Every structure is written in C-alpha cells, then in structure tokens.
Amino acid sequence: MPLLKSMHLAKFVAEMVSSFTLSLAVLKTFDWNDPRQLTPKKIIYLQMLFESIFFEYCDKVVWNIFTRVAITPELETLRDCMELFIKEHVLKSSKNMDKKFKLVRKALGNVEGVLM
C-alpha cells in the first residue's frame with residue numbers, strides 16, 4: 001500500500017477508535033511477535049496510527065481509548081505488545097510524547113475500567 005493511503009487509513013482508524021466506534025482490540029489479530037509480519041510498512045502504519053491518537057486527541061479521549069483494552073483480561077498480551085511497540089517504535093521517532101505514553105501506561109493498567 002502506498003504511504004499516503006496508509007497514512008489516510010491510520011487517521012481513519014484513529015478517528016473510529018477515538019469515537020468509540022472501533023476498539024484497539026481489532027489489533028489483537030496482528031501477530032506482534034512475528035518478525036515476518038512486522039514489516040517496515042506495518043511498523044510505519046502502526047506508528048502513524050498511535051501518533052494520530054496521541055497528537056490529535058486530548059488526554060481524556062486517549063485515556064478512554066486505552067482503558068477499553070485494559071478492562072478485558074483476554075487482551076493482556078495485546079496490551080503488553082502495544083506498550084512495547086509504542087516504547088520501541090513510536091517514542092523513539094517522536095521525543096515529545098513522553099507525557100502521553102505515561103498516560104497510556106496508566107490507562108493500560110486501569111483494569112477497573114475507570115473512565116475520565
């Protein structure tokens with residue numbers, strides 16, 4: 001997929017996730033640990049998706065997006081993989097997201113499901 005189309009798709013998915021029409025749980029089908037599946041194009045797509053969520057939405061919306069994934073025990077692997085991916089790929093490309101990443105880590109640990 002061309003980069004421009006990938007960017008538009010990432011922004012569309014970020015909009016769907018932020019409006020709570022779609023959950024980040026859709027990413028559970030992606031095999032985060034398989035290096036053959038984690039191609040450079042997929043890494044760039046996921047970076048754009050998470051950066052769109054971090055930059056375009058307020059802390060309250062980001063908290064609620066990631067809390068939706070935190071309350072489901074079956075998604076523990078997804079939570080861990082997303083956190084690692086964000087730390088390894090998104091934070092290294094954009095240094096000014098430390099505050100949002102701290103918020104995301106707290107939201108992913110919010111198993112009680114307390115929304116803002």
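Listed values, structure above:
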item	result
Residue match in segment 74-97 (condition: of a type in the set (Phe, Trp, Tyr) and touching a Ser or Thr at 6+ places or on another chain (Cβ under 9 Å))	no
Residues of segment 70-92 satisfying the condition of being surrounded by fewer than 13 Cβ atoms within 10 Å (Cβ to Cβ) and polar (S, T, N, Q)	Thr77
Residue ID - least open to solvent (accessible area, probe 1.4 Å), chosen from residues in segment 27-64 that are farther than 19 Å from Leu9 by Cβ and modelled with pLDDT of 90 or more	Val62
Filter pass, Thr67 being in a helix (DSSP H, G or I) and loosely packed, with under 14 Cβ neighbours inside 10 Å	no
Scope segment 104-116; condition out of contact with any helix residue (DSSP H, G or I) (no Cβ under 6 Å at 6 or more places or on another chain) and either part of a helix (DSSP H, G or I) or under 17 Å from Cys58 (Cα atoms) (or both); matching residues	Arg105, Lys106, Val114
Qualifying residue in segment 27-43 (condition: within 12 Å of the chain's Cα centre (by Cα), closer than 23 Å to Leu115 by Cβ, part of a helix (DSSP H, G or I) and not charged (D, E, K, R))	yes
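The values are calculated or read from the model by the stated rules, or taken from the named source; none is laboratory data. Note that the coordinates shown come from a computational prediction; the quantities given were computed from them, not determined experimentally. Neighbour counts are summed over all protein chains in view; Cβ atoms, including those assigned to glycine, are modelled from backbone coordinates with ideal geometry. Ligands, DNA and RNA are excluded from the accessible area calculation, which covers all protein heavy atoms including side chains. Shrake-Rupley method; radii C 1.70, N 1.55, O 1.52, S 1.80 Å.
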